[in-house]
Amino acid sequence: MKIKNDTKTLYYYIPHKLDKLKVNSSINYSDLVIYYIGGYTKLELEFNKTLKKGELVNISVKGICEDCIFWKENYQFIISYLVAGNTTVKVVLPPGYILASDVITPSNYYITGNGKNQIIIWKFENQEPSIVTFSFKYKYAPYSPPSSNTTKTKSNLILILASLLIASLLGVSLKFFKDKKDRDKELEKLRSLLEEKDLEIKKLNEEIKKKEEILNIVNGKVSKVEMEKEELKNQVNSLKNENEKLIKLISELSEEKEKLAEENKKLRERVIELEEEIKNYLTSRCKLIWDFLTEDERKIVEIIKEHGHITQKELIEITGMSKPKVSRIVSELQDRGIIIKEKIGRINKLTLSDEIKNNL
């Protein structure tokens with residue numbers, strides 16, 4: 001990203017919960033804070049130095065997303081991603097897996113491969129900042145090698161062709177030895193004639209060599225002058241072209257600078273809007289959940305919030321409710337994602353989900 005104003009802190013949102021995060025930056029940072037807001041992951045990077053306006057910084061984020069792949073007949077891949085400006089999104093299927101359907105979203109995709117993996121690529125240009133959902137179905141379809149019968153048939157064909165070639169070579173060899181004597185006599189006559197011609201050619205070559213030496217000296221001088229002339233001409237043209245490119249590049253960079261400044265302003269404003277929308281959404285959602293709770297359910301949620309974590313047995317003692325009633329209410333709250341139940345031996349440890357804990 002390109003820095004709009006001088007700053008030491010950068011923020012980035014990922015619309016999924018990622019575990020085992022690894023964050024690398026082209027500029028060293030002193031501190032990294034990770035927030036989990038509902039289903040979102042927010043990164044806050046504090047750098048060792050102040051990033052200057054117009055400075056470029058590359059940040060890579062790696063993590064494990066466990067809520068983007070589902071199974072029903074075939075695998076279903078669904079993930080959301082914040083897309084802005086010019087962005088390329090690439091998904092590489094594991095070796096042996098292929099697409100199971102032509103229903104792929106978004107529709108601006110194309111499919112390629114590298115010999116082992118099938119690859120789906122989306123490209124966005126001048127995209128307004130927005131959350132885009134990518135989805136498709138895929139299945140396992142390993143490559144099956146040729147059968148042993150086919151290999152055996154090819155081997156037999158090669159043996160037949162090799163036998164025919166050997167037979168042909170034997171026939172040619174017999175004819176060759178039969179005609180060898182006649183050819184030797186003719187060759188002897190030709191050798192005598194060639195010796196006479198060689199003497200004549202030798203004399204002519206000596207005369208040609210003398211004339212070539214003189215011609216080479218003259219051609220060398222001419223070539224040197226032509227080379228110097230051509231080199232000077234190329235240097236002039238090169239300098240002229242380089243000057244034109246620099247003038248054009250300066251003009252393009254000025255226009256690009258203004259354009260990027262405007263885009264950066266819009267992106268910053270949009271990020272602020274998205275942060276506010278996310279905050280309002282989480283607050284409204286928790287309020288709506290709270291409004292639909294019964295009095296007993298609210299009482300149990302408040303007790304868990306007060307203690308941080310509590311066992312199901314302790315809930316029964318505090319509330320005075322029966323064991324079946326507490327068990328039923330806990331199961332309903334767990335199904336709605338309001339509380340989390342972790343079994344430790346024979347004891348059920350109860351805590352509030354992150355979304356309810358942070359926004360209730």
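Side notes on the structure shown:
- Subset of the range 20-47 (residues that are open to solvent by less than 30 Å² (accessible area, probe 1.4 Å) and among the β-branched types (V, I, T)): V23, I27, T41
- Only a single criterion out of (1) open to solvent by less than 80 Å² (accessible area, probe 1.4 Å); (2) closer than 30 Å to K4 by Cβ is not satisfied by I310, namely (2).
- Residues of the range 33-60 that turn out to be over 23 Å from I131 (Cβ atoms) and touching a strand residue (DSSP E or B) at 6+ places or on another chain (Cβ under 6 Å), as a count: 6
- Answer from I340, I329, I318 - the residue that is modelled with pLDDT of 90 or more, within 30 Å of N280 (Cβ to Cβ) and open to solvent by 70 Å² or more (accessible area, probe 1.4 Å): I340
- Candidate set: the range 118-134, residues that are of a type outside the set (V, I, T) and open to solvent by 30 Å² or more (accessible area, probe 1.4 Å); chosen: the one nearest to L267 (Cα to Cα): E128
- Restricting L45, L21 to those that are farther than 22 Å from E277 by Cβ, in a strand (DSSP E or B) and in contact with a Gly (Cβ under 6 Å, 6 or more places away or on another chain) reduces the list to L21.
- Unmet requirement for N205, which otherwise passes all of (1) open to solvent by less than 90 Å² (accessible area, probe 1.4 Å); (2) at pLDDT below 85: (2)
- Filtered residues of the range 102-132 (kept if under 17 Å from I69 (Cα atoms) and at pLDDT below 90): V103, V132
- Residue check for E255: free of Cβ contacts under 8 Å to residues at least 60 places away in the same chain, closer than 30 Å to L82 by Cβ, of a type in the set (D, E) and open to solvent by 100 Å² or more (accessible area, probe 1.4 Å): yes
- Sub-9 Å Cβ pairs linking a first residue in the range 338-360 that is in contact (Cβ under 8 Å) with a residue 12 or more places away in the chain to a second residue that is in a loop (DSSP other than H, G, I, E, B) and open to solvent by 70 Å² or more (accessible area, probe 1.4 Å), at least 6 apart or interchain, are D354/K17, ordered by first then second residue.
- K17 among the basic types (K, R) and at pLDDT 90 or above: no
- N358 meets the stated requirement of being of a type outside the set (G, A, S) and either open to solvent by 90 Å² or more (accessible area, probe 1.4 Å) or more than 30 Å from S130 (Cβ to Cβ) (or both).
- Only a single criterion out of (1) open to solvent by 70 Å² or more (accessible area, probe 1.4 Å); (2) farther than 20 Å from I78 by Cα is not satisfied by K17, namely (2).
- Any hit, the range 270-290, residues being open to solvent by 100 Å² or more (accessible area, probe 1.4 Å) and closer than 24 Å to K2 by Cα: no
- Selection from the range 291-307 of residues that are loosely packed, with under 14 Cβ neighbours inside 10 Å and assigned to a helix (DSSP H, G or I): D291, E295, R298, E302, E306
The values are calculated or read from the model by the stated rules, or taken from the named source; none is laboratory data. Every value quoted in this text rests on a predicted model; they were computed, and no experiment measured them. Every residue, glycine among them, receives a Cβ derived from its backbone with ideal geometry; neighbour counts consider all protein chains shown. Areas reflect the complete protein model, heavy atoms only, side chains present, ligands, DNA and RNA absent. Shrake-Rupley method; radii C 1.70, N 1.55, O 1.52, S 1.80 Å.
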